[in-house]
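Let me begin by presenting the structure, written as structure tokens, before commenting on it.
The values are calculated or read from the model by the stated rules, or taken from the named source; none is laboratory data. This structure is a prediction, so every number in the text was calculated from the model and none was measured. So basically every Cβ, Gly included, is an ideal-geometry build from the backbone, and we count neighbours across all protein chains shown.
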Amino acid sequence: MSSMEHRCSQRLFMELPAIVHQPGGPDVPVTIRNLSTGGAFIAVSADRSALRGVVELELAEPGGDPVAFVWRAWVIRQERDGVGLMFDDRQLDARHSFLAEILKLE
């Protein structure tokens with residue numbers, strides 16, 4: 001049986017370092033593997049793959065100012081090689097701007 005993905009926005013594949021902040025837990029360094037306005041897939045080391053619930057993803061624009069973006073997200077799936085996140089819609093405009101800047105760099 002195949003699974004069908006329903007995406008409302010373009011997914012950009014990348015290798016971008018970031019940090020996941022867990023309420024009441026340690027900060028976890030991760031690598032963003034793909035990013036869209038709706039979510040992200042992040043690579044997490046095996047010992048940190050138990051991320052659950054609501055988290056915050058902190059990242060900086062590559063090649064730009066060291067301005068950090070922090071986006072609230074829900075962990076929606078666990079994979080062997082990482083974690084799927086779905087973003088909170090409250091910061092949608094900021095994500096659109098960030099992705100537009102990433103596309104300019106390509």
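Return yes or no: is Ala100 at pLDDT below 80 and within 18 Å of Gly24 (Cβ to Cβ)? Can you show your working first?
Working: at pLDDT below 80: yes; within 18 Å of Gly24 (Cβ to Cβ): no.
No, not satisfied.
Here is a yes/no grid of residues against (1) within 18 Å of Ala94 (Cβ to Cβ); (2) at pLDDT 90 or above; (3) crowded, with 19+ Cβ neighbours inside 10 Å; (4) not basic (Lys, Arg):
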| position | (1), (2), (3), (4) |
| --- | --- |
| Val20 | yes, yes, yes, yes |
| Pro26 | no, no, no, yes |
| Pro29 | no, yes, no, yes |
| Ile32 | yes, yes, yes, yes |
| Ser36 | yes, yes, no, yes |
| Arg48 | no, no, no, no |
| Glu56 | yes, yes, no, yes |
| Asp65 | yes, no, no, yes |
| Arg77 | no, yes, no, no |
